[in-house]
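What follows draws every value from the coordinates through simple rules; no lab data is involved. As the structure is a computational prediction, the values presented were derived from the model and not from experiment. Cβ sites come from the backbone with ideal geometry, for glycine too, and all protein chains shown count toward neighbours.
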Amino acid sequence: RLGLDVRGVMGHSFGGKVALAYLERRPEGIERGFILDADPSARPAGESGSESPGVLELLRAIPQPIASREAFLEAVQTAGFSRGIAEWLAMNVRREGDGFRIRLDLDVLNDLLTDYFARDLWHVLEDMEDAPAGAGAEGRRVHVVLGGRSASISPASRARFEALSARAPSLSVHVLPRAGHWLHVDDPDGLFDVIRAAL
């Protein structure tokens, strides 16, 4: 709609599944896809290993207004999340009237997460099996980047990624051994190196 010439798509976690859905809807013209620690499988949210439902529960539980940005950071860390994750979440905290408030529609996020866990998008990657090396759909290459310590990707899905990449030359799987689910926080340099090498 914006008239932009989009040649690549990248998404992490929920956004990784959004990127897969975008690749499905745009079979032509997208040259590169980067799927960052996102499991294409449909699965119950409670069995996912994902921290996302816990983050949503935490955001709902924090009383508002919040006294300060630092108080928000402390609440997130007290709940067991790292300082890096707390700072990332704090990007959605804004001063408003008598304090700070979380500027997210948590009900909409809940609906989006429900859809995320219900949707299976493996077929988007499996459709790449018959494409010659470097060709993919219209010359497309897809790079899946996984955190070596991430609990968000099941062992079965890790094995499926590896097996699929062995059969689909246009699909590459990269593992960042030091990273958990939050690749961009846990190993930003490793993630940058993978992306730079792929472009």
Could you check the spin-label model distance between residue 87 and residue 115? Points 7 Å from the Cα along Cα→Cβ, value in nm. 3.2
Could you state the orientation-averaged shadow area of the convex hull built on the Cα atoms of the stretch 52-110, in nm² to one decimal? 3.6
Residue by residue through the stretch 175-186, what is 3J(HN,Hα) from phi via Karplus (6.51 cos²θ - 1.76 cosθ + 1.60, θ = phi - 60°)? Round to whole Hz and write x for glycine and proline. 10, 9, x, 7, 8, x, 5, 8, 3, 5, 9, 6
Can you give the relative contact order of the stretch 139-192 as a percent, counting alpha carbon pairs under 8 Å and 6+ residues apart? 46
Taking the chain as the region of interest, what is the percent of Cα-Cα pairs per 10 angstrom bin, listed from the shortest bin to the one with the maximum distance? 8, 32, 33, 19, 6, 1
Pick from 98, 37, 127 the residue whose mean-square fluctuation is largest in a GNM of the chain, springs joining Cα atoms under 10 Å. 98
So for R0 = 25 Å, FRET eff. of residue 77-residue 43 from the Cβ-Cβ r, to 0.05, ends up at 0.35
Over the alpha carbons of the stretch 77-187, what is the largest minus smallest coordinate on each principal axis, giving the biggest first in Å? 59, 29, 25
If one computes the Cα centroid of the stretch 72-132 and of the stretch 156-187, what distance in Å separates the two points? 20
Counting pairs of alpha carbon atoms under 8 Å apart in space and at least six apart in sequence, what relative contact order in percent does the chain give? 25
